[in-house]
Amino acid sequence: MTNHIPGAAPNDDPRAVLEVCADAGDEEIRAAYLRKVKEYPPDRSPAEFERIRDAYDMLRDPRRRTRSMLLGVDPRKPLTGLLDGVEFERRFTGPDAWLAVTREKKA
Amino acid sequence: MSLRNKKKNLDTRHAMPPEVKGTAEVEPRERALLERLRSERRFVDAVNVAVGIHQRVRSAASEELRRDAWEAHIRWLVGREADREALARLNIVQALDPAMRERLKDVAPLLEARNGGVEGLMGLLADDGADPAKRASIEARIRREAGDPARIAACDVLPAEHPLRVAAAAVARALDAVTRGPVAAESLALPEVSRSSPLAPWKMMVRAIAAFYAQDDALCEKYLSAVEPTAAASRLCPALRAMMGQKAKLTPAALTLAAQADGGRVALGQALAAVDAALERRDHKSALFKISRAVAACKMHRPKLVVALKQRMSVGAMLAGLRAGQVAQALGGPSLKNASFWRMLARAHEEDRAGPLDVPLAASAWNEFLKHAVHERWFPAQGPEIATVYLHMLELLRRIPQDEQEGVARSFHAGFTGWRESYKGQPPEVRDVTALTGRDDFYYLSPDGLLERACAADPRGENFEAWLKRAKDNGERGDEVAAQWAAARPLDIPPVLHLMQSAERRSAFRKAFRLMEQAELLDGLNPDVRKARLRLLVSMALRHLRQMKARLAEPELAQIEALPQAQQGDRPALVAGLRWVYWTLCGGTAQAAAARLALGKQMDDHTAADCLLLMVLAACEFKGSMPELQFKSPGLAGALGRVCALGEDTGLPVEIPDALSKQLMRELLGKEPARDGTGLAALGALAIRGEDFALAYAVSVAGLKLADEWRAEFLFLRAQAMPVWSEERQALCAAAASELARRQRNLDLLRRIGKWREEEFMWFDHTRADVAMTTPEINELVAKERTNRGYPAKPPRSWMESSDDGPLCDCAACRANRRGTPRELEELVDSMPPELAKVLKGLGPEELMRAMEEIAGGGPPKRRRRPRMPDDEDIPF
């Protein structure tokens with residue numbers, strides 16, 4: 001199965017939220033969930049707990065997981081959406097290229 | 001303006017004031033003229049006039065006027081940012097009059113700063129005597145214009161230890177460090193740069209750049225927000241934001257920076273945005289060009305995304321109507337037809353909804369997706385995941401109205417040639433998947449086929465329940481489905497109950513009994529199971545008695561008598577009635593008499609006892625000597641009601657004999673109402689089952705006289721009983737019944753009302769029926785219905801067709817009847833503007849359908865984007 005549930009924003013990908021790998025089994029998912037809940041208990045971090053709980057509900061039910069996978073793809077979404085979550089290598093250039101921008105005269 | 005006036009103005013513009021011969025002073029008129037020209041912003045004219053005055057007068061005053069005019073002109077040019085002309089003028093006047101250097105000493109540095117050099121501005125700061133306001137103004141200028149901290153640091157107009165130079169040097173070092181490699185946060189503290197320093201924005205910018213390189217976009221954005229928007233450093237904000245993936249318009253230098261620093265994000269993002277825009281505009285030529293550029297950009301900057309990008313673009317291009325061959329060429333080769341592709345294609349067809357064939361196309365694409373997904377190990381070949389996909393395909397099929405499904409499936413079968421063209425040019429691991437799976441059997445066009453596969457893949461109760469419901473609704477394969485369910489899930493009750501009820505309907509009582517015993521083992525407390533034993537025993541006993549095999553009925557009768565539930569309510573009376581028949585057939589007169597006595601005692605009502613015995617005799621097809629039976633009124637309705645209820649409860653078949661029908665109707669419509677709501681409800685249900693709507697209506701008349709708790713039940717009966725021309729009343733009665741049932745939490749009644757609406761009145765206008773009724777409305781309706789005691793046997797005149805009595809009825813229902821068109825179509829015609837409706841009403845059925853299609857489609861049949869089955873050119877490549 002793919003590592004990422006398509007259609008889910010990077011922050012909402014259930015596997016990313018629980019920090020489990022693609023082929024994690026039920027036991028591993030449950031252990032990750034309990035670990036996360038200890039880190040973000042509901043009384044202290046309600047919003048984060050809700051995210052964790054939703055992610056767990058999604059992952060442990062194969063039907064919900066599959067439906068999310070089926071419907072999470074939107075063929076009409078802009079192509080620029082392909083770049084969401086993709087990390088581009090940021091290259092050091094030295095100061096000249098940066099200063100060229102600040103020195104550029106306005107049109 | 002007239003020519004004369006123009007000339008006059010022209011003259012005025014360049015005219016010198018009338019020469020005052022020999023005047024060595026500046027005239028007030030001349031001063032006024034200069035003021036006027038300056039106020040009108042005619043600085044060039046003012047300079048010319050002032051120069052002319054000075055040439056004539058040559059006094060200190062005139063010289064001052066000339067200097068004022070020059071200064072005003074030059075400052076005006078600076079204000080308009082006409083730097084080149086201002087600088088030229090400045091040089092000229094400073095050469096002509098050295099005193100102008102002092103007057104305009106701030107202009108030159110300003111012009112210099114604008115062109116990148118801040119040295120001049122800094123020179124102004126060197127003057128310790130400058131007033132604080134002016135100093136602040138200069139520092140503000142430096143903040144706005146200083147595009148290079150290193151130049152400030154290197155400018156020796158100020159002493160090396162000057163705070164500004166020290167700050168600039170620190171900023172330049174930090175900028176150099178952050179743009180060459182990772183730096184520690186401590187090294188960006190920059191204590192030399194104070195909050196009020198002109199270089200404070202640069203401090204924030206340097207930290208933003210450090211955060212950018214540390215991939216901490218949130219922190220970068222935080223620092224960018226702290227940079228003043230008017231500061232020179234803020235020119236980097238759009239570039240940084242674009243490099244973090246936000247939308248921003250970039251200058252050429254910013255684009256160059258992005259190309260070097262961001263790994264291609266900006267370039268690729270712009271290429272993809274261009275494709276999106278071209279596809280959105282459906283500019284095919286531009287789209288193809290932009291597609292090839294986007295692929296090239298992706299190959300350069302992000303080769304790993306090329307496969308996904310080509311897949312997305314090929315499907316997006318299909319949606320925009322581009323031809324597959326051209327797109328393939330633009331892509332530089334076919335997109336990879338793996339599971340991701342087929343999923344994308346299936347979703348595209350789902351969303352497209354261009355016509356009825358999009359559903360089977362989507363389902364077929366999902367089928368391809370399944371093959372590849374299993375092959376690529378997205379999920380196993382059996383399991384809840386694959387069942388979910390099947391159920392999703394089933395949901396798609398439900399978009400097609402049930403009566404059209406077969407036609408659509410046939411069209412698809414006939415025209416669809418498969419996806420083999422899509423697999424041309426594909427790598428072996430993709431092509432081989434099709435070899436593994438064999439011919440397409442189009443199972444995905446059959447809801448039954450999909451449910452069967454879903455149950456096989458994921459044999460959970462919900463799936464089987466859906467399959468069995470569908471089988472029952474369509475009157476096919478119910479037993480087969482229930483048998484499969486029972487085999488897959490032996491502990492589930494519903495399939496066993498279904499099989500039991502099916503066997504019972506077929507009179508296969510032994511089998512039904514065995515299944516009932518099995519059900520009792522699984523769930524003895526289930527209400528359906530608890531009723532089943534008694535019901536089956538009664539049915540078995542009746543069969544033996546019908547066959548006049550009384551002795552064979554003995555075991556069943558003994559079992560019935562031993563059942564605890566047979567002692568409840570009126571059930572012992574039924575047992576007594578069966579015993580009467582048994583003993584009569586066996587010749588036991590005394591025993592038969594005793595049984596009759598017990599029956600009468602149990603029912604405690606002669607009429608009810610005789611009604612029950614009558615029904616038992618009818619059920620047994622008793623051919624012997626009929627006993628004497630009396631059916632007295634009042635009380636017949638109540639008696640028959642009790643018997644109907646008992647019949648529903650125990651499976652005893654009940655039918656109202658014709659001989660009693662009139663008497664019953666009279667009683668129901670009479671003044672002495674029956675009081676047994678349960679019995680009346682059972683009687684009403686019997687009437688509906690037997691399609692005796694007049695009787696059902698009469699029962700509702702009696703029922704509506706009962707206590708309020710029965711209003712829901714009998715309003716529903718009223719709705720069911722009314723004829724088709726009384727839809728308004730039906731709708732209102734059903735709505736009121738529904739509302740009352742909701743309040744009473746009578747879920748069984750709500751379910752029955754819902755089922756009746758679904759099955760009986762597809763064309764119902766549910767608008768009124770679905771709106772919750774208030775208590776006063778319900779009370780008013782009940783009061784009105786109570787007064788409507790007569791069954792509306794005849795339709796109103798307007799509803800009837802008549803060629804002799806007057807014009808034909810023009811209502812939608814009559815027209816639909818006459819023309820054989822769907823009623824909802826006629827109702828749509830009625831909703832059109834009158835002139836159009838008049839024309840449409842005159843058309844024949846086929847012409848009308850065509851016309852309505854045109855109207856709905858917005859004009860004559862247009863060339864649809866995809867009117868036909870997809871051929872190879874249509875399939876995204």
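Can you list residue pairs whose Cβ atoms sit under 8 Å apart, with the first residue in segment B:144-173 being more than 10 Å from chain A (Cβ to nearest Cβ) and the second being aromatic (F, W, Y) and in a helix (DSSP H, G or I)? Count only pairs 6 or more apart in sequence or on different chains. Final answer for the pair search is B:V171/B:W202. The condition (being within 25 Å of B:L319 (Cβ to Cβ) and at pLDDT 85 or above) is satisfied by just one residue among B:L391, B:L396: B:L396. When segment B:710-744 is filtered for residues that are charged (D, E, K, R) and touching a helix residue (DSSP H, G or I) at 6+ places or on another chain (Cβ under 6 Å), the ones remaining, listed by number, are B:R711, B:E713, B:R718.
Looking only at residues in segment B:366-385 that are within 8 Å of chain A (Cβ to nearest Cβ) and either among the aliphatic types (A, V, I, L, M) or assigned to a loop (DSSP other than H, G, I, E, B) (or both), the one that is farthest from B:A466 (Cα to Cα) is B:R377. Those helices (runs of 4 or more DSSP H) of segment B:730-805 in which at least 1 residues are within 25 Å of B:R823 (Cβ to Cβ) and modelled with pLDDT of 90 or more, considering only elements entirely within it, cover B:747-760.
From the list B:A294, B:A274, the lone residue that is farther than 24 Å from B:E421 by Cα, touching a residue at least 24 places away in the same chain (Cβ under 8 Å) and part of a helix (DSSP H, G or I) is B:A294. Counting only helices (runs of 4 or more DSSP H) that fall entirely inside segment B:651-716 and contain at least 1 residues that are of a type in the set (S, T, Y) and touching a Leu at 6+ places or on another chain (Cβ under 6 Å), the qualifying elements are B:693-703.
When segment B:674-698 is filtered for residues that are surrounded by fewer than 23 Cβ atoms within 10 Å (Cβ to Cβ) and either closer than 16 Å to B:L660 by Cβ or without any contact (Cβ under 8 Å) to a residue 12 or more places away in the chain (or both), the ones remaining, listed by number, are B:R689, B:G690, B:E691, B:D692, B:A694, B:L695. Scanning segment B:707-734 for residues that are surrounded by 24 or more Cβ atoms within 10 Å (Cβ to Cβ) and free of Cβ contacts under 8 Å to residues at least 60 places away in the same chain returns B:E713, B:F714, B:F716, B:L717, B:A719, B:C733, B:A734. Across segment B:216-241, the qualifying residues are those that are surrounded by 17 or more Cβ atoms within 10 Å (Cβ to Cβ), more than 9 Å from chain A (Cβ to nearest Cβ) and aliphatic (A, V, I, L, M), and the one among them that is farthest from the chain's Cα centre (by Cα) is B:A231. Scanning segment B:297-334 for residues that are under 30 Å from the mean Cα position of the chain (by Cα) and away from every other protein chain (no Cβ under 13 Å) returns B:G321, B:L322, B:R323, B:A324.
When the test is whether a residue is surrounded by fewer than 17 Cβ atoms within 10 Å (Cβ to Cβ) and at pLDDT 90 or above, B:A258 does not pass it. I'm trying to understand the selection: among the residues of segment B:278-292, which are touching a helix residue (DSSP H, G or I) at 6+ places or on another chain (Cβ under 6 Å) and either on the phi > 0 side of the Ramachandran plot or more than 12 Å from chain A (Cβ to nearest Cβ) (or both)? B:S286, B:L288, B:S292, listed by residue number. Just one of (1) facing another protein chain (nearest Cβ under 8 Å); (2) in a helix (DSSP H, G or I) fails for B:G263. It is (2). So, B:R207, is that one more than 36 Å from the chain's Cα centre (by Cα), assigned to a helix (DSSP H, G or I) and either modelled with pLDDT of 90 or more or surrounded by 16 or more Cβ atoms within 10 Å (Cβ to Cβ) (or both) or not? For B:R207, the condition - more than 36 Å from the chain's Cα centre (by Cα), assigned to a helix (DSSP H, G or I) and either modelled with pLDDT of 90 or more or surrounded by 16 or more Cβ atoms within 10 Å (Cβ to Cβ) (or both) - is met. Of all residues in segment B:586-598, those that are at pLDDT 90 or above and surrounded by 15 or more Cβ atoms within 10 Å (Cβ to Cβ) have Cβ atoms under 9 Å from Cβ atoms of residues that are outside any helix (DSSP H, G or I) and not small (G, A, S), 6 or more apart or on another chain, in B:A592/B:P627; B:R596/B:P627.
When the helices (runs of 4 or more DSSP H) confined to segment B:426-524 are screened for residues that are of a type in the set (K, R), those reaching at least 3 such residues are found at B:461-473, B:509-522. When the residues of segment B:242-260 are narrowed to those that are within 39 Å of the chain's Cα centre (by Cα), of a type in the set (G, A, S) and at the interface with chain A (Cβ under 10 Å from one of its Cβ atoms), which ends up nearest to A:A97 (Cα to Cα)? Step by step, filter segment B:242-260, then rank; the result is B:A258.
Might you let me know whether segment B:655-672 holds any residue that is within 49 Å of the chain's Cα centre (by Cα) and among the acidic types (D, E)? Don't jump to the end; show me each part of the working.
If we filter segment B:655-672 for residues that are within 49 Å of the chain's Cα centre (by Cα), which is where we start, we get none.
The answer is no; no qualifying residue exists.
Please verify whether B:P198 is in a loop (DSSP other than H, G, I, E, B) and farther than 18 Å from B:A153 by Cα, treating the condition exactly as stated. Taking the combined requirement at face value, the residue does not satisfy it.
The values are calculated or read from the model by the stated rules, or taken from the named source; none is laboratory data. None of the values given here were measured: they were computed from a predicted structure. Glycine gets a Cβ as well: all are built from the backbone with ideal geometry, and neighbour counts include every protein chain shown.
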